[in-house]
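Enquirer: Attaching a single structure in structure tokens format; questions to follow.
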Amino acid sequence: MNILITGGAGFIGSHVVRRFVLNYPEYKVVNLDALTYAGNLENLKDVENSSNYSFVKGDICDENLVDKIFAGYNIDHVIHLAAESHVDRSIKDPLIFIKTNVLGTGNLLQTARKHWSGKFEGKRFYHVSTDEVYGSLELEGGYFTETTPYDPRSPYSASKAASDHLVRAYWHTYHMPVVISNCSNNYGPNHFPEKLIPLMINNIIHRKPLPVYGKGENVRDWLYVEDHAAAIDVVFHKGKDGETYNIGGHNEWKNIDIVKLLCDLMDEKLGRLRGESRSLITFVTDRAGHDLRYAIDASKIQKELGWVPAESFETGIRKTIDWYLNNQEWLDHVTSGAYRQYYESMYG
Ligand code: NAD
Ligand code: TYD
């Protein structure tokens, strides 16, 4: 089995690559990643020399390159994670989201279609997507299910919705075997410190202000990244063609409560006075079009594929804090930009 994993140097992608390289030595894993600001090969140091792993630096929009990869590695499966993923950046600069998330996904689909040329036996195109395509819920407004109508509101979620639609169009029109999963917010090791949890951890370490948007009342449903990688493994191996699976941990938190929890746990860890980090909390102007609440009904994947999260939030958040405290070099390289030199040092 030759699997093309896109975006494997990013946060979730690196956990997926590691899992597939280590758990399935019989598969050949090709990681295609453009190494944007979010791609960091230091995430994969422990598997980079594995004999069943190859890295290709490049853009999923590059038709010639993707074509060469399909031909050269005889790709028969795709797990597609490469994307621009940060909502705030999508508000500032939507076009790169449209390019990578929509056109890039289109290019991968079209290249797979060309190479598989109607012989879809033993093939699979898996799109890793987000629950943000469903829009926003009221505080007491139920859950997103697989049949919730799409209602994306940010340029990021609109671009992911568009790519989901394209993937489904290839299933209905060409019978390409596709599968999609829509997951809630992830947290854990290797998370780029622009997203809520790692940003707060980094700022607490350095005693910098903790910017909470609006009143901090928005709700997100958090899942430990290893649990997402395990769900992707299950969907890839057991999911049905043409189906969608929602992935989430039934773990809803108001932003302000999560920030306070991080402050208290880290004060304890860092030997600071209780309350010291909370004094860094700063309420700032709200995000434009800020979705109020996301919450996933994950009963389909549980019932049909037997996946449930292994990590509780209590243990997952402590592991995450410990990881950042024990990997300050990773954090320093990311915040200083030094991580961008790692590719040259490894691959010349
Ligand atoms: P990330 O931003 O950490 O990583 C994205 C990776 O894609 C990076 O390594 C980057 O270099 C690469 N990339 C970006 N543009 C590229 C291009 N044009 N060509 C090739 N590579 C490119 O993102 P993440 O948080 O790991 O998310 C991975 C996927 O999971 C995304 O598709 C995202 O929409 C989805 N997702 C994320 C979350 C979450 O909470 N982070 C939740 C649900 C779904
Ligand atoms: P984020 O981690 O960007 O994920 P998403 O927007 O995809 O859910 O943000 C999570 C929540 O935290 C979201 O409601 C916005 C809020 N937030 C802040 O309050 N302050 C911050 O500095 C950031 C980055 C996010």
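Enquirer: For segment 78-121, give me the residue count where each residue is farther than 24 Å from residue 11 by Cβ and among the β-branched types (Val, Ile, Thr). Walk me through it before giving the result.
Expert: Of segment 78-121, the ones farther than 24 Å from residue 11 by Cβ are 110-121.
Still in the list and also among the β-branched types (Val, Ile, Thr): 111.
Qualifying residue count, segment 78-121: 1.
Enquirer: Inside segment 100-151, can you point out the residues that are over 19 Å from the mean Cα position of the chain (by Cα), over 22 Å from residue 32 (Cα atoms) and in a helix (DSSP H, G or I)?
Expert: Residues satisfying the conditions do not exist here.
Enquirer: Out of 220, 207, which single residue is more than 16 Å from ligand 1 (Cβ to nearest atom), of a type outside the set (A, V, I, L, M) and modelled with pLDDT of 95 or more? Even if it seems obvious, please write down each step before you answer.
Expert: Values: 220 fails: more than 16 Å from ligand 1 (Cβ to nearest atom).
When all the criteria are applied, what remains is 207.
Enquirer: Quick check: is even one residue across segment 35-47 within 16 Å of ligand 2 (Cβ to nearest atom), modelled with pLDDT of 95 or more, part of a loop (DSSP other than H, G, I, E, B) and buried (at least 20 other Cβ atoms within 10 Å of the Cβ)?
Expert: The initial filter retains those residues of segment 35-47 that are within 16 Å of ligand 2 (Cβ to nearest atom), namely 37-38.
Add one more test, that the residue is modelled with pLDDT of 95 or more, and what stays is 37-38.
Within this subset, residues satisfying the condition of being part of a loop (DSSP other than H, G, I, E, B) are 37-38.
Now narrow it down to the ones that are buried (at least 20 other Cβ atoms within 10 Å of the Cβ): 38.
Within segment 35-47, one or more residues are within 16 Å of ligand 2 (Cβ to nearest atom), modelled with pLDDT of 95 or more, part of a loop (DSSP other than H, G, I, E, B) and buried (at least 20 other Cβ atoms within 10 Å of the Cβ).
Enquirer: Filter segment 48-88 down to the residues that are assigned to a helix (DSSP H, G or I), within 16 Å of ligand 2 (Cβ to nearest atom) and crowded, with 17+ Cβ neighbours inside 10 Å and list them by number.
Expert: Scanning segment 48-88 gives a single hit, 87.
Enquirer: Now for a different question. Within segment 181-193, does at least one residue satisfy the condition of being farther than 21 Å from residue 302 by Cβ and free of Cβ contacts under 8 Å to residues at least 40 places away in the same chain?
Expert: Just the residues of segment 181-193 that are farther than 21 Å from residue 302 by Cβ, to begin with: 189-193.
Subsequent filtering for residues that are free of Cβ contacts under 8 Å to residues at least 40 places away in the same chain retains none.
The answer is no; no qualifying residue exists.
Enquirer: Now a separate question. With a cut-off of at least 2 residues that are within 16 Å of ligand 2 (Cβ to nearest atom), within 12 Å of residue 259 (Cβ to Cβ) and in contact (Cβ under 8 Å) with a residue 12 or more places away in the chain, name the strands (runs of 3 or more DSSP E) lying wholly within segment 196-248.
Expert: On the way: elements: 210-213, 219-224, 244-247.
Output list reads 210-213.
Enquirer: Just name the residue that is farthest from ligand 1 (Cβ to nearest atom) out of those in segment 281-297 that are exposed (fewer than 13 other Cβ atoms within 10 Å of the Cβ) and either hydrophobic (A, V, I, L, M, F, W, C) or in a strand (DSSP E or B) (or both). Don't jump to the end; show me each part of the working.
Expert: Filtering segment 281-297 down to residues exposed (fewer than 13 other Cβ atoms within 10 Å of the Cβ) leaves 282, 284-285, 288-289.
With either hydrophobic (A, V, I, L, M, F, W, C) or in a strand (DSSP E or B) (or both) added as a condition, the list becomes 282, 284, 288.
Numbers: 282: 24, 284: 21, 288: 19 Å.
By that ranking, first place goes to 282.
Enquirer: Among residues belonging to segment 268-280 that are out of contact with any Asp or Glu (no Cβ under 8 Å at 6 or more places or on another chain) and in contact (Cβ under 8 Å) with a residue 60 or more places away in the chain, point out the one that is surrounded by the most Cβ atoms within 10 Å (Cβ to Cβ).
Expert: For segment 268-280, the residue satisfying everything is 280.
Enquirer: When only residues in segment 307-337 that are among the hydrophobic types (A, V, I, L, M, F, W, C) and assigned to a helix (DSSP H, G or I) count, which is farthest from the chain's Cα centre (by Cα)?
Expert: Step one: filter segment 307-337 for residues among the hydrophobic types (A, V, I, L, M, F, W, C), giving 307-308, 310, 313, 317, 321, 323, 325, 330-331, 334.
Now narrow it down to the ones that are assigned to a helix (DSSP H, G or I): 313, 317, 321, 323, 325, 330-331, 334.
Values: 313: 18, 317: 17, 321: 19, 323: 18, 325: 22, 330: 19, 331: 18, 334: 17 Å.
Out of the qualifying residues, it is 325.
Enquirer: Can I ask one more? I need the full set of residues from segment 19-68 which are under 18 Å from residue 1 (Cα atoms), in contact (Cβ under 8 Å) with a residue 60 or more places away in the chain and either touching a His at 6+ places or on another chain (Cβ under 8 Å) or within 14 Å of ligand 1 (Cβ to nearest atom) (or both), in order please.
Expert: The answer is 19, 55.
Enquirer: Sticking with this structure for a sec: Out of the residues in segment 97-148 that are without any contact (Cβ under 8 Å) to a residue 60 or more places away in the chain and basic (Lys, Arg), state the one that is surrounded by the most Cβ atoms within 10 Å (Cβ to Cβ).
Expert: Top of the filtered list is 123.
Enquirer: Looking at (1) over 21 Å from residue 130 (Cα atoms); (2) out of contact with any strand residue (DSSP E or B) (no Cβ under 9 Å at 6 or more places or on another chain), which is the only condition residue 29 fails?
Expert: (2)
The values are calculated or read from the model by the stated rules, or taken from the named source; none is laboratory data. Predicted model only: the values in this text are computed from it and were never measured. So basically every Cβ, Gly included, is an ideal-geometry build from the backbone, and we count neighbours across all protein chains shown.
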